[in-house]
1. Can you match log10 I(q)/I(0) by the Debye sum over Cα atoms at q = 0.10 Å⁻¹ to one of these, (1) -0.75; (2) -0.52; (3) -0.46, based on a calculation from the structure here?
2. Apply the Karplus curve 6.51 cos²θ - 1.76 cosθ + 1.60, θ = phi - 60°, to the phi angles in the range 149-156 and return the couplings in whole Hz, x for Gly and Pro.
3. How large is the charge dipole for the chain, taken about the Cα centre, if only the Cβ atoms of Lys, Arg (+1) and Asp, Glu (-1) carry charge, to the nearest 20 debye?
4. Output the relative contact order of the range 19-133, whole-number percent, from Cα pairs under 8 angstrom with separation of 6+ residues.
5. Helix-derived [θ] at 222 nm for the chain: sum -39500 (n - 2.57) over DSSP H runs of at least 4, divide by residue count, nearest 500?
6. What number, in percent, do you get for the relative contact order of the chain if the mean sequence gap of Cα pairs under 8 Å and at least 6 apart is divided by its residue count?
7. Rounded to the nearest 10 degrees, what's the angle between the helix 2-18 long axis and the longest principal axis of the chain, both from Cα atoms, 0 to 90?
8. Could you give me the percent of Cα pairs per 10 Å distance bin for the range 19-133, shortest bin first, beginning at zero and ending with the bin that holds the maximum distance?
Amino acid sequence: MKKIIGVIMLSCLLAACDKPKIDSSTDDAMKSSIAKVRESLPENKREEFDSALKVVAFSNINIADLMRASSDTDKEDISKKMRAPLAGKTGEEVISYAQQVTAERELKQKEQAIQEIKELEQKKADSEKAKEELKKFQVLSSRFALEPEEYGQPQPVIRLVVRNNTDKAISRVFFRGVIASDGRSVPWLEKEFNYEISGGLEPNEEATWALVPNKFSEWGKVDAPADAIFTVTVTRINGADKEPLFDASGFTEQDSARLEDLKKKYN
């Protein structure tokens with residue numbers, strides 16, 4: 001019985017030795033040996049081998065390498081990097097190695113995605129907290145009009161009445177203004193703007209402002225009907241030191257979409 005097992009093992013070993021292997025010493029040798037290796041595989045394995053070949057060949061190369069490859073020396077270095085992981089491998093070994101590379105890559109991608117999910121969740125939480133705090137800086141009244149001038153085109157004017165109900169002095173306020181009509185899903189204008197407050201706005205102080213945007217900007221070109229409503233949302237406020245106190249603009253629509261996609265794929 002032992003003799004039979006020994007003969008079988010020896011036969012398997014000899015069969016493995018007989019399998020053609022990839023010779024990566026030169027480009028020509030590699031092309032020729034790859035063709036032989038492919039032919040040695042069962043037909044149902046050849047397509048898998050073709051895909052595995054690409055995975056293994058590019059396993060040592062990144063985009064930065066390709067971008068830097070301008071000289072003949074660079075191109076030869078890349079060629080060597082592509083040939084190295086294929087050297088001496090049989091068809092089955094190429095397929096097996098490609099599976100290993102793919103599994104490691106997918107694991108790394110998953111780890112990076114989970115980290116990104118955590119970071120985006122934190123940004124979302126910080127943004128939601130900032131929105132609650134920003135409610136303390138009230139916009140009591142908001143009006144927009146294109147006011148006629150004696151010469152030239154009308155001047156856009158944003159009129160605001162605000163109140164600082166926070167316990168901090170405010171030096172600058174950032175807003176998102178929307179001009180929209182009831183029943184229309186697309187606003188006439190949606191635009192960010194900000195105002196630096198001369199002397200600041202102390203806690204519990206109220207102020208009335210008339211802001212004058214550039215008449216040649218989008219504010220001066222908006223063509224909204226008379227019944228359009230102008231709404232203003234506070235997105236950020238800076239303190240007396242001119243640093244942000246609360247900022248709700250950090251978590252964007254793109255961040256939200258990205259977070260949703262990642263959670264669907266990896267949670």
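Every number here is computed from the coordinates shown, using simple stated rules; none is lab data. Because the structure is predicted, anything quoted here is derived from the model rather than measured. Note that we place each Cβ from the backbone using ideal geometry, even for glycine, and neighbour counts take in every protein chain shown.
1. Here the calculated entry is (1).
2. These are the phi-based 3J(HN,Hα) values: 10, 4, 10, x, 6, x, 9, x Hz.
3. Its charge dipole is roughly 1180 debye.
4. So the answer I get is 32 percent.
5. Calculated at 222 nm, the ellipticity per residue is -15500 deg cm²/dmol.
6. RCO, the chain: 17 percent.
7. 60
8. Percent of pairs per bin, in order: 13, 31, 24, 14, 9, 6, 2, 0.
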